[in-house]
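Q: Have a look at this one before I ask anything.
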Amino acid sequence: MAEDLSNKVFAEFLWQTTGPMNENWPCEQQESHNATSHPTDVVFYYDEPYSAVRRYIQCDLKSYSKDSIKRGPVKEAILSLAAQVSCAGASEIWQKRYTHASSAFDISGLLFVYNHDKEFHKSIDTLISDIRPEDIKLPRKSRLYVLGPDEINWLQRVARELQQMRGDEDEAKRLPPRERCAFYYPQLARNTAVRSERARAATMEMLKSPWIILEHFDEEEARQGFVVFHRRKTTMEGLMYLLDYLRRHEMIGNKTRIDIKVQPDDGEASANLQKAIQEYVLSIAGENPDTDFAKRLSKIKISHVPEILASYSTVEMGMSYAR
């Protein structure tokens, strides 16, 4: 279930898979790791936006019921994944299977904890708060990420919304094909690293951040657009900050379409956006409700990302593999 879901979700964030799935490979530190081999469920990769590095994500995919998501198993999985990442950096076998010789790379780990019965409603942070950084032995440039049920639910909903926007019959709401989309990273004037043009995917940091921003371009109408997925409940002040971000990075153009997508229980989102636009316009010298800039802001759309109520059936999944 976690394997099926992760493939569908991360494809929408423009991650790619590499090498064989569900394979074991020899441990390079058998004494300290107390193991002869390590497993690989799947390896995803994407190019970093501000460097020439390709990031490979060694994944441990877990599918648990509510009663199985406990502190002990989660901590054990994290420490095991850290050992996998540490070994992968030294393993010729792992690197031959999963990396590309043409790119410099870093290796990180992702523990993907999916709750298939949709009954786990706590933050997974409550289960990992006692893990000390010194317990996790990783190479210097490697990282270890944990996605719990709540975060996976959010990413699953964002991915589904992108799919539905791409297939929408309403031209005003439709997204272009994936090849004309990329997740947005601004050019950083103070950063000596130039943004890589091939870096189109959402990084793990973006997926765990308060905003996920997709940039798209309609070649026929020469029209640019942005979709901002806003994970936290909106406030007027928070939306003013978002508007300022869009303005500072010159994302509010004459023909630019901007859609903000919020949580389904955010009933005040539209009112908050209206007040945020009014206050933001008044905060800028020379602007008023009748200027072109204010009119462009008034065209920003805000809507909800629907909740996903369906859950996987272990019986149905088993039958599909049995066919």
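Q: Kindly indicate whether any position in segment 59-81 is among the polar types (S, T, N, Q) and closer than 30 Å to A182 by Cβ.
A: First, the residues of segment 59-81 that are among the polar types (S, T, N, Q): 63, 65, 68, 80.
Filter again for closer than 30 Å to A182 by Cβ, leaving none.
Among the residues of segment 59-81, not one is among the polar types (S, T, N, Q) and closer than 30 Å to A182 by Cβ, which makes the answer no.
Q: Would you confirm, using the coordinates I've provided, whether A104 is over 21 Å from D47 (Cα atoms) and open to solvent by 10 Å² or more (accessible area, probe 1.4 Å)?
A: The answer is no for A104.
Q: Still on this structure: Considering only segment 247-303, state which residues are under 24 Å from the mean Cα position of the chain (by Cα), surrounded by fewer than 16 Cβ atoms within 10 Å (Cβ to Cβ), of a type in the set (D, E, K, R) and more than 22 Å from Y185 (Cβ to Cβ).
A: Passing the criteria: D265, K301.
Q: Tally the residues that are modelled with pLDDT under 85 and farther than 12 Å from K66 by Cβ, restricting the search to segment 113-128.
A: Summing the residues that are modelled with pLDDT under 85 and farther than 12 Å from K66 by Cβ in segment 113-128 gives 0.
Q: Count, please, the residues in segment 20-31 that happen to be touching a residue at least 24 places away in the same chain (Cβ under 8 Å), open to solvent by 30 Å² or more (accessible area, probe 1.4 Å) and under 16 Å from G89 (Cα atoms).
A: 3
Q: If you scan segment 5-17, which residues turn out to be on the phi < 0 side of the Ramachandran plot and surrounded by 15 or more Cβ atoms within 10 Å (Cβ to Cβ)?
A: Across segment 5-17, the qualifying residues are L5, S6, N7, V9, F10, A11, E12, F13, W15, T17.
Q: Checking the condition of a type in the set (A, V, I, L, M, F, W, C) and modelled with pLDDT under 95, which residue from A269, A285, A201 passes?
A: Of the residues listed, the single one that is of a type in the set (A, V, I, L, M, F, W, C) and modelled with pLDDT under 95 is A285.
Q: From the list E169, E151, E134, which residue is in a helix (DSSP H, G or I) and modelled with pLDDT under 90? Can you show your working first?
A: On the way: E169 fails: in a helix (DSSP H, G or I); E151 fails: modelled with pLDDT under 90.
Within the list E169, E151, E134, the selection yields E134.
The values are calculated or read from the model by the stated rules, or taken from the named source; none is laboratory data. Quick caveat, the model's predicted, so the values are computed rather than measured. With ideal geometry, Cβ positions are generated from the backbone for all residues, glycine too; neighbour counts draw on all protein chains shown. We work out accessible area using only protein heavy atoms, side chains counted, and drop any ligands, DNA or RNA first. Shrake-Rupley method; radii C 1.70, N 1.55, O 1.52, S 1.80 Å.
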